[in-house]
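Chemist: Here you go, one structure.
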Amino acid sequence: MKKIEIIEVGARDGLQNESRILPASTRSQFVKKLSQCGFKRIEIGAFVSPKWIPQMEGSLQVQKNALKLKTKTQFSALVPNERGMQDFLKAPVHEVALFAACSESFSKKNINCSIEESFERFKPIIKEAKKNKIKVRGYLSTVYGCPFEGTINARVALKLTKKFLKMGVHEVSLGDTIGVATPKQVSHLFKLMKKNNIPMKKIAGHFHDTRGTALANVLESLNHGVTKFDSSIGGLGGCPYAPGASGNLATEDLIYMLHGMGYTTGVDLKKVIQTALWIQKEVGHPLMSRLSTAGIPKN
Ligand code: HMG
Ligand code: MG
C-alpha cells in the first residue's frame with residue numbers, strides 16, 4: 001500500500017479568509033483536535049502583518065500552545081519576511097513555510113513586493129532557519145492561473161521551483177490559488193518538471209476547489225508520482241488577496257478518495273468529520289465538504 005502525506009492547512013489557509021476572526025484560544029483547540037486526527041503535519045498559523053490578515057493575529061500563542069501538546073505531529077507556520085521570522089523564533093515549531101507567487105501582480109497584491117524581491121527576503125530567513133535546525137518549505141502561488149494575469153506558463157513554476165530547491169527548501173508546494181487548474185494543465189506541469197529532473201518527492205500539490213477540479217487534479221498528480229497534498233478540513237479556505245479564491249480541497253473528501261483507492265494516510269476519517277463539524281460551528285456557516293455533509297457510507 002502506498003503512503004500519502006497530507007499537510008492539513010485548515011488552521012492557516014482555512015481560517016485566513018473567514019469573516020469571523022477566531023481567537024488564538026479557539027485556534028489552539030482546533031490544532032489540538034487536528035493533531036488527534038492523526039495528521040503528521042499541520043500548518044497552524046502565519047507570522048504576517050495583522051493589518052493585512054487579522055485572522056492570523058496571535059499565531060505566536062497558537063504556536064506556544066501547540067508545543068505543549070504531547071504529539072508526534074509536526075507543525076509549521078507561514079513567514080513572509082525577517083520580522084515574521086523573529087516572531088516565529090520566539091516559540092519555534094518544526095517548519096517555516098515561505099511563500100512566493102508565479103505572477104508579479106499577485107506577488108505585489110499579496111506581499112507588496114516583486115517575485116525577485118520576495119526571494120531576496122527569503123535568504124536571511126533560510127539562514128536563520130538553518131541555524132535553528134528548522135525545516136523550510138516553499139509555496140508557489142498562482143502556479144496555473146492568476147486572478148489578475150490569467151493563465152500562467154508552466155515554465156514560471158518550473159523556474160521558481162528550481163530556485164527554491166537551490167536555496168535549500170526541502171519541498172515546494174504548488175498552489176492553484178484560485179482553483180482554475182484542470183488535469184491537462186497539471187499533467188503538462190509535472191511532465192515538464194520530470195523532464196527537468198525535479199524529484200516528485202520534493203513536490204506537494206495544493207489545490208483550491210473553486211471550480212470543482214481539485215480531486216481530479218490530485219488524481220492526475222498521483223499518476224505523476226506526487227505523494228504529498230495540502231488540504232483543509234471542511235474545505236475551509238481561500239486567500240483574501242486573490243479575488244475568487246474559495247475553499248481548499250476538503251481534507252475529508254481527499255482522504256475518502258485516497259483510502260477508497262487503497263492508499264494510506266494515517267488519518268482517522270471519523271475524527272476528521274467530527275472536527276469539521278466542530279469548526280463549522282466556530283466559523284458560523286456551513287462548510288463545502290461533501291463527505292461531512294453526506295457522511296461515510298456503510299460498508
Ligand atoms: P508591508 O506593509 O509591505 O510591510 O507588508 P513593511 O515592511 O512596509 O512594514 C509595514 C508595517 O508592517 C511595519 O509596521 C512593519 O513592522 C509591519 P509599522 O512600522 O507601520 O507599525 N510588518 C509586520 N508586522 C507583523 N508581522 C510581519 C510584518 N512585516 C512587516 N511579518 C507583508 C508586507 C509581507 C508583511 C504583508 O504584505 C503581509 O503580511 N502579507 C500577508 C499576505 C498573506 O498572508 N496572504 C495569505 C497567505 S498566502 C496564500 O494564502 C497562498 C497559499 O495558500 C498557496 C496558494 O494557495 O497558492 C500559501
Ligand atoms: Mg492556499
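The values are calculated or read from the model by the stated rules, or taken from the named source; none is laboratory data. Computed from a prediction, not measured in an experiment: that's the story for all the values here. Positions of Cβ are backbone-derived with ideal geometry, glycine not excepted, and every protein chain shown enters the neighbour counts. Please note that ligands, DNA and RNA were not included when accessible areas were found on the heavy atoms of the full protein model with its side chains. Shrake-Rupley method; radii C 1.70, N 1.55, O 1.52, S 1.80 Å.
Chemist: Using only DSSP helix segments of four residues or longer, with each worth -39500 (n - 2.57), what per-residue ellipticity at 222 nm results for the chain after dividing by its residue count and rounding to 500?
Modeler: -12500 deg cm²/dmol
Chemist: Accessible area per residue of segment 5-289 at 1.4 Å probe, in Å²?
Modeler: I get 41 Å² per residue for segment 5-289.
Chemist: In 5 Å bins starting at zero, report the fraction of Cα pairs in segment 5-289 per bin as a rounded %.
Modeler: Over segment 5-289, the share of Cα pairs per 5 Å bin runs 1, 6, 14, 18, 21, 19, 13, 7, 1, 0 percent.
Chemist: Quick one: with all protein chains in place, what share of the accessible area of segment 125-183 is carbon or sulfur, to the nearest percent (1.4 Å probe)?
Modeler: 53 percent
Chemist: Would you be so kind as to identify which of 141, 287, 241 lies farthest towards the positive end of the dipole of the chain, taking Lys and Arg as +1 and Asp and Glu as -1 on Cβ and the Cα centre as origin?
Modeler: 141
Chemist: Once the convex hull of the alpha carbons of segment 159-239 is built, what does its volume come to per residue, in cubic angstrom?
Modeler: Taking the convex hull of the Cα positions in segment 159-239, it is 95 Å³ per residue.
Chemist: Dipole magnitude of segment 5-289 about its Cα centre, charges +1 at Lys/Arg Cβ and -1 at Asp/Glu Cβ only, in debye to the nearest 20?
Modeler: With Lys and Arg at +1 and Asp and Glu at -1, about 980 debye.
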